[in-house]
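**Q** Supplied in structure tokens, the structure appears directly below.
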Amino acid sequence: MTSARVTPLLQVDGLRVEIPTRRGVLLALDGISFHIAPGEVLGMVGESGAGKSLTGMAILGLLDPPGRIAGGQIHLGGRRIDQLAAADMRRVRGREIGAVFQDPLMSLNPLLRIGEQIMETIRTHLPVSALQAREQALDLMRAVGIPAPEARFNAYPHQFSGGMRQRIVIALALCAQPRLVVADEPTTALDVSIQAQVLQLLRQLCRDKQTAMLLVTHDMGVIAETADRVAVMYAGRIVELGPVEAVISAPVHPYTRGLMGAIPQLGPVQGPLAQIHGAMPRLNARPGGCAFHPRCPQAMARCREQDPDLQTQPGARQVACWLADASGSAA
Ligand code: SF4
């Protein structure tokens, strides 16, 4: 997909999220910028604590207090949504942005029959009769691959397998025909054999309805299977962003190289597998200069002093590394 030619549906500019604490204000997201076009899947990958889930929560208006958006802007379909009142944001969340989280049981009411939950969600957001809502609910159950939906309509969540429950959550997220879906580790809790089916389903539904998707995951394999472009996050910043095939076959940022090297079947074929030593810095211990420098095998003196900005490279790639040159490669 060549999203650059399509007007973005989601536009995030310079997003900054702070978490005030007794010991000072922690900067959790530091100037995140990206866009997603209709029908496009943007994967957001990184280790735990990189800020990828926080980015999704900021877009959904679901940051846990005292976390707050302290700068930047989020536009959905041209409308600014980061400053909306809570009630307005609730409407946007159900109607225009759907959410799929890791644990399907978090999104389902254990005491309500599946059919009723889907119907209720449809009627909360769309002006339809009970009969129409029932038909739409059955259609959605069919679309997400629930076998014999009429027979399963009155079943409770605990009567479904984990994979089927996650399909129901996807149906719930799509009830109001949202323009954007934020999916945070949507298959992490599922068996490997079911993961691929659920990812394929999400991918297909987005293509069919031209729904944009932000897919948050720690798993580069999930990104490779599902996303059009990928944003690699480290310590609250995007360090590399570009088309999935290009980033996977020729990662530029040393951190992305390390992520790829940790997955042998995805790694670049030349040279020994890379490893990332050490751990992501805590929010209150972000090193000066490039935050990756204590772990970077190619760090130079400059890296300890100056933080590189995300620079555009050929091939619709952006990289934040002093070694990235105009040809799109790191030395
Ligand atoms: Fe490594 Fe320096 Fe590039 Fe940071 S800027 S990733 S420390 S080479």
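The values are calculated or read from the model by the stated rules, or taken from the named source; none is laboratory data. This structure is a prediction, so every number in the text was calculated from the model and none was measured. Because the Cβ atoms are built from the backbone with ideal geometry, glycine has one as well, and the counts that use them run over all protein chains shown. When the accessible area is computed, the model is the full protein with side chains, heavy atoms only, and any ligands, DNA or RNA have been set aside. Shrake-Rupley method; radii C 1.70, N 1.55, O 1.52, S 1.80 Å.
**Q** Limited to segment 1-15, what total is found for residues that are outside any helix (DSSP H, G or I), surrounded by 17 or more Cβ atoms within 10 Å (Cβ to Cβ) and modelled with pLDDT under 95? Before the answer, list the steps.
**A** Going residue by residue through segment 1-15, those that are outside any helix (DSSP H, G or I) are 1-2, 6-15.
The next check asks that each one be surrounded by 17 or more Cβ atoms within 10 Å (Cβ to Cβ); those that pass are 8-12, 15.
The next check asks that each one be modelled with pLDDT under 95; those that pass are 8.
Number of matching residues: 1.
**Q** Failed condition for Pro251, given (1) free of Cβ contacts under 8 Å to residues at least 60 places away in the same chain; (2) over 30 Å from Leu26 (Cβ atoms), with all others met?
**A** (2)
**Q** Sticking with this one: Arg229 versus (1) at pLDDT below 90; (2) within 17 Å of Phe34 (Cα to Cα): which is the lone unmet condition?
**A** Unmet for Arg229, out of (1) at pLDDT below 90; (2) within 17 Å of Phe34 (Cα to Cα): (1).
**Q** Could you tell me whether Arg23 is open to solvent by 50 Å² or more (accessible area, probe 1.4 Å), at pLDDT 95 or above and more than 16 Å from the chain's Cα centre (by Cα)? Walk me through how you get there before you give the answer.
**A** Working: open to solvent by 50 Å² or more (accessible area, probe 1.4 Å): yes; at pLDDT 95 or above: no; more than 16 Å from the chain's Cα centre (by Cα): yes.
For Arg23, the condition - open to solvent by 50 Å² or more (accessible area, probe 1.4 Å), at pLDDT 95 or above and more than 16 Å from the chain's Cα centre (by Cα) - is not met.
**Q** From the residues in segment 285-294 that are near the ligand (Cβ under 10 Å from one of its atoms) and touching a residue at least 40 places away in the same chain (Cβ under 8 Å), which one is nearest to Arg257 (Cα to Cα)? If you could, list the steps in order and put the result at the bottom.
**A** Residues of segment 285-294 that are near the ligand (Cβ under 10 Å from one of its atoms), as a first pass: 287, 289-294.
Filter once more, keeping what is touching a residue at least 40 places away in the same chain (Cβ under 8 Å): 291-292.
Values: Ala291: 16, Phe292: 13 Å.
Top of the filtered list is Phe292.
**Q** Can you pull out the residues in segment 32-66 that are among the acidic types (Asp, Glu) and surrounded by fewer than 19 Cβ atoms within 10 Å (Cβ to Cβ)?
**A** So in segment 32-66, the residues among the acidic types (Asp, Glu) come out as 40, 47, 64.
Within segment 32-66, Glu47, Asp64 meet the criteria.
**Q** Need the failing condition index for Gly289 against (1) open to solvent by 20 Å² or more (accessible area, probe 1.4 Å); (2) at pLDDT 90 or above, just the number.
**A** (1)
**Q** Okay, next question. Report, by residue number, each residue of segment 82-97 that is open to solvent by less than 60 Å² (accessible area, probe 1.4 Å), within 15 Å of Val182 (Cα to Cα) and touching a Gly at 6+ places or on another chain (Cβ under 9 Å).
**A** Met89, Val92, Arg93, Glu96, Ile97 - these are the residues of segment 82-97 that are open to solvent by less than 60 Å² (accessible area, probe 1.4 Å), within 15 Å of Val182 (Cα to Cα) and touching a Gly at 6+ places or on another chain (Cβ under 9 Å).
**Q** Of all residues in segment 216-246, which are within 15 Å of the ligand (Cβ to nearest atom) and of a type outside the set (Ser, Thr, Tyr)? Reasoning before the result, please.
**A** Going residue by residue through segment 216-246, those that are within 15 Å of the ligand (Cβ to nearest atom) are 232-241.
Within segment 216-246, Val232, Met233, Ala235, Gly236, Arg237, Ile238, Val239, Glu240, Leu241 qualify.
**Q** Filter segment 145-160 down to the residues that are surrounded by fewer than 18 Cβ atoms within 10 Å (Cβ to Cβ), farther than 14 Å from Ser107 by Cα and either in contact (Cβ under 8 Å) with a residue 12 or more places away in the chain or in contact with a strand residue (DSSP E or B) (Cβ under 8 Å, 6 or more places away or on another chain) (or both) and list them by number. Steps first, please.
**A** The first filter runs over segment 145-160 and keeps only residues surrounded by fewer than 18 Cβ atoms within 10 Å (Cβ to Cβ), leaving 145, 147-148, 150-151, 154-156, 158-159.
Next cut, farther than 14 Å from Ser107 by Cα only: 145, 147-148, 150-151, 154-155, 159.
Correct list: Gly145, Glu150, Asn154, Ala155.
**Q** Turning to a different aspect of this structure: With the structure loaded, tell me whether Arg302 is in contact (Cβ under 8 Å) with a residue 12 or more places away in the chain and near the ligand (Cβ under 8 Å from one of its atoms) or whether it fails that test. Don't jump to the end; show me each part of the working.
**A** Details: in contact (Cβ under 8 Å) with a residue 12 or more places away in the chain: yes; near the ligand (Cβ under 8 Å from one of its atoms): yes.
So Arg302 fits the description; yes.
**Q** List the pairs whose first member sits in segment 169-185 and is free of Cβ contacts under 8 Å to residues at least 60 places away in the same chain, whose second member is open to solvent by 10 Å² or more (accessible area, probe 1.4 Å), and whose Cβ atoms are under 7 Å apart, counting only residues at least 6 apart or on separate chains?
**A** Ala171/Leu140; Gln177/Lys209
**Q** So, one more: Within segment 132-150, which residues are small (Gly, Ala, Ser) and over 16 Å from Glu120 (Cβ atoms)? Spell out how you get there, then give the answer.
**A** Filtering segment 132-150 for residues small (Gly, Ala, Ser) gives 133, 137, 143, 145, 148.
Selection gives Ala143, Gly145, Ala148.
**Q** Exactly one of these conditions fails for Leu111: (1) open to solvent by 40 Å² or more (accessible area, probe 1.4 Å); (2) of a type in the set (A, V, I, L, M); (3) not in a loop (DSSP other than H, G, I, E, B). Give me its number.
**A** Of everything listed in (1) open to solvent by 40 Å² or more (accessible area, probe 1.4 Å); (2) of a type in the set (A, V, I, L, M); (3) not in a loop (DSSP other than H, G, I, E, B), Leu111 misses just condition (3).
**Q** Only one of these is among the basic types (Lys, Arg), open to solvent by 20 Å² or more (accessible area, probe 1.4 Å) and either assigned to a loop (DSSP other than H, G, I, E, B) or within 17 Å of Ala37 (Cα to Cα) (or both): Arg167, Arg134, Arg207, Arg142. Name it.
**A** After applying the criteria, what remains is Arg207.
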